[in-house]
Amino acid sequence: MHLRIDEQEIDVPPGTTIKEAAKLAGIKIPGLCDHPDLERYGGCRLCLVEVEGIRGYPSSCTMPVSEGMKVRTNTPALKSLRLNILEMLLSEHPCICLICERSGRCDEVREGMRKVPQTMGCRYCPKDGRCELQEVVTQIGLKKVELCRIGTEKEIIRSPFFDRDPNLCILCGRCVRACADRGLGVISFNFRGFDTVIGTAFEKPLEDVGCRFCGACVDVCPTGALVERANKWSGVAKRVVETICPYCSSNCQIGIEVRDDKILRTRPQGSKLCVRGRFGLEFVSHQRLTRPMILKGERLVEAGWQEAMELVAERLGGYKGRRFAMLLSGVLTNEALRTAKKFSERIMNGRAVAEDTSSDFSLTEIIQGPLLAVGELAETNPATELAIRSTKPVVISPFRTMLAKKASVWLRCRPGEEPQVLEAIAKASVQENTDALGDTGISAEEILKAARLLGKASVVVGPDCNRDVRAAAEKLVRVIGGKLCLVGRNCNSRGVAVLGLDQGYEETMQSLMSGEIAAAYIVGSNPARADPKLAESLSDLEFLVVQDLFLTETAKLADVLLPAASFAEIEGTYTSSDGRMLQLTPALAAISKSDMQIISELCHKMKGRLPDDPASSRLEGTKTWTGKGQQSEDITSSGSFILVEGPCLFEFGSGTRTSRVRDLQYLNKDRYVDIHPRDAARHKISNGEPVSIQSRGRSIRGLARVSMSVPEGVMRICGRASRIASAEVRRDV
C-alpha cells in the first residue's frame, strides 16, 4: 500500500495501521492504550489523526491504511484536541510534578515524600522514569492542568508480587486485554462513571479468582498503577542483560534489569513469561552458600577451597567404578554437564545420570499442524502450553485444564488410563472397528473423531507423564506417521538427553537404595527434598559430595559441600527442544565458582588436565526414554476416591528454588484438595474447609477446593512427585 503521511511517501504491507505506518516513516504518534503485544483498542483517543476524505478524527492505532491515503498527524486542531483529552485524563491522576516549577529539582525531599501513603506526583511514584504517561505529556507539550481534581482517594491493593494502585490507573484497559490474551480474564472494568475501576469479580483477591500471576498485566501497564513490590523504589536500571529463564524447558528469553550488582526486576524479551520466570528469580540472592563446608564431627563447618577440593579428590579416589554415582540435573549448562560426564566416565570409571527426559522438536513447526497433548503442561511448561492452546489440539486429560477448554476434542479419561486412550486412537487410526477400541470410559465416536484429526500429527507428552504414556505415544506416532514430542522438565533437559545422561537413572537410584553405591557426587539436584525416602539412603553413604547454591536438605547430609554460582552469574549454554544453543549471559558478579569450573578443577587434582577429545565432547544421540513421571499404584482397593498428585505452577521440581521466593511461599502455604461439587456435597465438605486424606498409610491435610475441573470420584492435590492412588477423605474437624 502506498500512502502519504505528513508529506512523506511510504509503502507498507496491507493490514498495517496508520500508527504503524507512521512509525516506519519515523513519525511518532502519541498513545497510551495500544501495545504491540495486544489487540487494537483505540480507547485513549490520543492517537487521533486527520485523513483526507474521512470526516472526524479516526484513531490511528485501529485504522488500517488504504491505497493513496493522505494522513496528517500534527495539525493545530489535533494538537488542541490531544491537549484537552490529556488534561481530562490527568484530572483523575496525580500530576503535580508535571507542572511544578521545581520538577526534577526536589531530590532533597523526594525520599521522605515517597513514604507518604498518597502518591502526589511523578517524583513520588515508583514508576518515575519508566512511566509512559510522562513521555506522552512531554510529547504533546502539556504545560498546565486547569481542571479540578475529580474522584476520591482509593486504597492501594496488595497482591502477591505486585501492588495495585487505582489512583494511578488511567483506565487504558491494557491489563484487562493482557489477561484475556492469556485465556484468564480474571480482571475487568467494574462499575461506571467516576467510580470505574479495574478489578476482580466481587473485589476478591487475585489468588482467589484463578490469577496465575504471570505479570503480563504489570508488563503492559503504562503508569504506576501496577508495580512489582520487590525493589519497588529502586528506580531505573543501569543495564538490562538478556539471558534465558532458568526454570522449565520452554526456554523463555528474559531481560534482567540490574543496578549496583543487584537484580531489580525481570522483563520478558519477546516471550510470554509465567510467574516463575517473571517473579521467581529472588532465589539468586537468598541465603546463598559462599564458602565450601566440610563435615567435622556432626557439623558442617566452613573451609577453604583448597582444603575442600583436596579432601574430595582424596576420598573419591577410593570409590571408582560401580561404587560411585554422579547425580546431575537439567538445570546445569551444557558445559557443566559435559565436564561432569567426562569426570564421571574418565576419572571415576562410573556413570553420570540425570532425571530428565526430552526429545527433539520445534514448537513453532509442530503448532502448524494437527496436535495431540497429554500431561499438565500449564503447570510444568506454561509458555509451551500457551502456544499449543492456540492450535485447539486434541487433549487427553482427566481434568478440565485450560488446554482441555480450548481443545478440538477433549478425551476425558480416568486417571492413569492415558496409555489405553492412546492405544485406542492408534487402533482407530488403522481400522474404524469400534469393537477393538477397548473400554476407555470414552465413547467410540469421540475416539474415532480424534483419530480422524490426527493424521501425521505431533504428539506432545508432558514431563509429568510416566513411561507407559511415553511408550503408548511412541506407538501412536508410528501408526499415524507423526512426531513424538517429549517435553523436558528443566531448562536444559534437552542438553541432558543429547549427552545421553538421561540413560540409567532408575537403575542408578536402585543401586543407591540397595547400598551398592558407596559414594556419590550430586550437582544441582536435591533428591532428599524431592523424595524424602532417599534421605536415609544418602545418609548411609560412606562419602557424599554435594554441589549447590543453598544448604538444601541433601546438602545437610554431605561430607563436603561445594557452593556453586547461579545461572545469573555465569556464561554458558542451554540446548533448546529444537537443538539450538541458547546463550546465558552473566548479569551479576559471581559469588562462587561455576559448576563447570569446580568439576574441571577436581579433574586436574585427580588426574591432570583432560585432553580435548572430540568424540567425548560431541553431542551424542538419545536412545530410549526413561524416568519417573507419574506412578500408578493399585487403585482397585476400597478407597472411595482416586487421589491424583501432580505438578503445581507455584512450585517447581523439588521446590528448592521456589521455596526461596517469598510470594511463591505464600501461594503454596495452603495445600488445596480439588474435589467435585457432588462429592463435596455427599461428604458434607464446604469450600475452604480443612480435610484429611488417608492414602496408603499417608495422612495428607489440606483445604477443600470445590471445583468442576476434577471428575467425580477423583481428588487432586499438588505434589513434588506425580502419582495416583486410592484414598479416603474426611472433614478435618
Under the Debye formula (equal points on every Cα, no solvent term), log10 I(q)/I(0) of region 1-67 at q = 0.18, 0.19, 0.26 Å⁻¹: -0.62, -0.69, -1.29
Beta bridges by DSSP in region 242-383, antiparallel share as percent, to the nearest 5: 75
Residue 601/residue 236 FRET efficiency (R0 35 Å; Cβ-Cβ; nearest 0.05): 0.35
Violating pairs (Cα-Cα greater than 20 angstrom) within the set 320/593; 556/607; 342/607; 28/70: 320/593; 556/607
Calculated [θ] (222 nm, deg cm²/dmol) that DSSP helices of n ≥ 4 give over the chain, each run adding -39,500 (n - 2.57): -7000 deg cm²/dmol
Binned Cα-Cα distance frequencies in region 302-374 - 5 Å width, integer %: 3, 12, 16, 16, 16, 11, 7, 6, 5, 5, 3, 1
Residue-by-residue Karplus 3J(HN,Hα) for region 702-709, coefficients 6.51, -1.76, 1.60, Hz, glycine and proline x: x, 10, 5, 10, 6, 8, 7, 6
Reciprocal of mean inverse Cα separation for region 694-733 (Kirkwood radius, Å): 11.6
Cα shape, region 118-250, gyration tensor, a/c 1.5 rule: oblate
Theoretical FRET efficiency, 1/(1+(r/R0)^6), r = Cβ-Cβ of residue 362 and residue 400, R0 22 Å, to 0.05: 0.15
Approximate spin-label separation residue 435-residue 449, in nm, with each point projected 7 Å along Cα-to-Cβ: 2.5
Lysines whose Cα lies under 19 Å from that of residue 456, excluding same-chain neighbours fewer than 8 positions away: 392, 427, 475, 483
Inter-label distance, nm, simple model (7 Å from Cα along the C-beta direction), residue 684/residue 349: 6.9
Region 383-428: equivalent-ellipsoid semi-axes (sqrt of 5 x gyration tensor eigenvalues, Cα, Å): 20, 12, 9
Accessible surface, region 280-418, averaged per residue in Å² (probe 1.4 Å): 39
Note, ³J(HN,Hα) from phi for region 6-15, Karplus 6.51, -1.76, 1.60, rounded to Hz, x at Gly and Pro: 6, 6, 9, 8, 8, 10, 9, x, x, x
Rounded accessible area per residue of region 515-570, 1.4 Å, Å²: 28
For residue 673, residues with placed amide H under 5 Å, excluding near neighbours: 703, 704, 705
Dipole in debye (nearest 20) - the chain, about Cα centre, beta carbon charges: Lys, Arg +1; Asp, Glu -1: 860
Virtual paramagnetic centre 7 Å along Cα→Cβ of residue 195, amide N under 12 Å, in region 157-188: none
For region 119-124, Karplus couplings with θ = phi - 60° (6.51, -1.76, 1.60), whole Hz, Gly/Pro x: 6, 9, x, 4, 5, 10
Rounded FRET efficiency, nearest 0.05, which uses the C-beta distance separating residue 2 from residue 146 and R0 of 51 Å: 0.75
Per residue accessible area of region 572-611, 1.4 Å probe, in Å²: 46
Listed residue pairs exceeding 20 Å between alpha carbons, taken from 23/232; 232/262; 296/605; 143/232: 23/232; 296/605; 143/232
Considering only the chain, percent of DSSP beta bridges that pair antiparallel, nearest 5: 55
Spin-label model distance (nm) - residue 696 vs residue 106, 7 Å beyond Cα toward Cβ: 6.3
Mean shadow area of region 205-352 over all directions, Cα convex hull, nm²: 13.5
Label corresponding to P(r) over Cα pairs in 10 Å bins from 0, in percent when calculated from the structure given, among [x] 2, 8, 11, 16, 19, 14, 11, 9, 6, 3, 1, 0; [y] 3, 13, 20, 22, 20, 14, 7, 2, 0; [z] 3, 13, 21, 19, 14, 11, 9, 6, 3, 1, 0, 0: [y]
Accessible surface of the chain [probe 1.4 Å, protein heavy atoms]: carbon and sulfur percent: 49
Extension gain (nm, one decimal) between residue 209 and residue 456, 0.36 nm per residue minus Cα-Cα: 85.0 nm
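The values are calculated or read from the model by the stated rules, or taken from the named source; none is laboratory data. The shown structure was predicted, so the numbers you read here are calculated from the model rather than taken from an experiment. Backbone-built Cβ (ideal geometry, glycine too); neighbour counts: all protein chains shown. Surface areas here come from the heavy atoms of the whole protein model, side chains and all, with no ligands, DNA or RNA. Shrake-Rupley method; radii C 1.70, N 1.55, O 1.52, S 1.80 Å.
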